[in-house]
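Visitor: One structure coming up, written as structure tokens, with questions to follow.
Since every read-out is calculated from the coordinates, none of them should be taken as a lab result. Note that the structure is a prediction, hence the values are computed from the model and not measured. Please note: Cβ atoms are built from the backbone with ideal geometry, for glycine as well, and neighbour counts cover all protein chains shown.
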Amino acid sequence: MLIGLLGALLFTGAAQAYTCPEIPIDQRIEAAEAVFVGRSTGFTPVPGDGIPQRLYRFEVDQEVKGDVGRTVDVRIPVKRRNGGQVVTPDVAAGILMNRTGGGWFTTRCGITDPGVVLAEVDQQKGNPIRLLIGILILVAVLTYSIRKVKRRDPQATLRR
């Protein structure tokens, strides 16, 4: 009986805790309506459907997804059990957010290291283009080199 009571208490505690799903950053960015890297300039306490929240104002350093402008206000719960997070002023953060009730909203699950966000976006957009440019440069250099050798010695072949 004691084991059952302890198990029930542990299960209830886990159910009440706010946990972030373990989803890769690329899927989290895909699921968000807007993503940016920015710095908090402060907050204002606001009521939020029984869950105390703060309305943080961010200066946007770099838009990643969506059109958020130079500054954006984002609601974030206060209490950790509701997904709350304190955002340190003037420290860069990656913010993944969605619209709720006409404004932007996120939880601690949507606040992440800005380097991780930027690296993922750069990886998604940049690698195929860089590979294509590299191949084109390689073809151009080889074509130029072969023509240069043939001009010097018309009898030359690529074999040695």
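Visitor: Dimensions of the stretch 16-117 along principal axes (Cα, Å, largest first)?
Guide: Result for the stretch 16-117: principal-axis Cα extents of 32, 29, 25 Å.
Visitor: Mind listing which trypsin sites (Lys or Arg not before Pro) in the stretch 57-109 are in a DSSP loop and have 13 or fewer other Cβ atoms within 10 Å?
Guide: Working: sites: Arg57, Lys65, Arg70, Arg75, Lys79, Arg80, Arg81, Arg99, Arg108; in loops: Arg70, Lys79.
Hits after loop and neighbour filter: Arg70, Lys79.
Visitor: Here's something else I'd like to know. Once phi is turned into θ = phi - 60°, what whole-Hz ³J(HN,Hα) does the Karplus curve with 6.51, -1.76 and 1.60 give for every residue of the stretch 46-55, x standing for Gly and Pro?
Guide: 9, x, x, 6, x, 10, x, 9, 10, 9
Visitor: Which aspartates and glutamates does Lys79 reach when only Cα atoms under 17 Å apart count, and residues fewer than 8 places away in its own chain are ignored?
Guide: Reachable aspartates and glutamates: Asp49.
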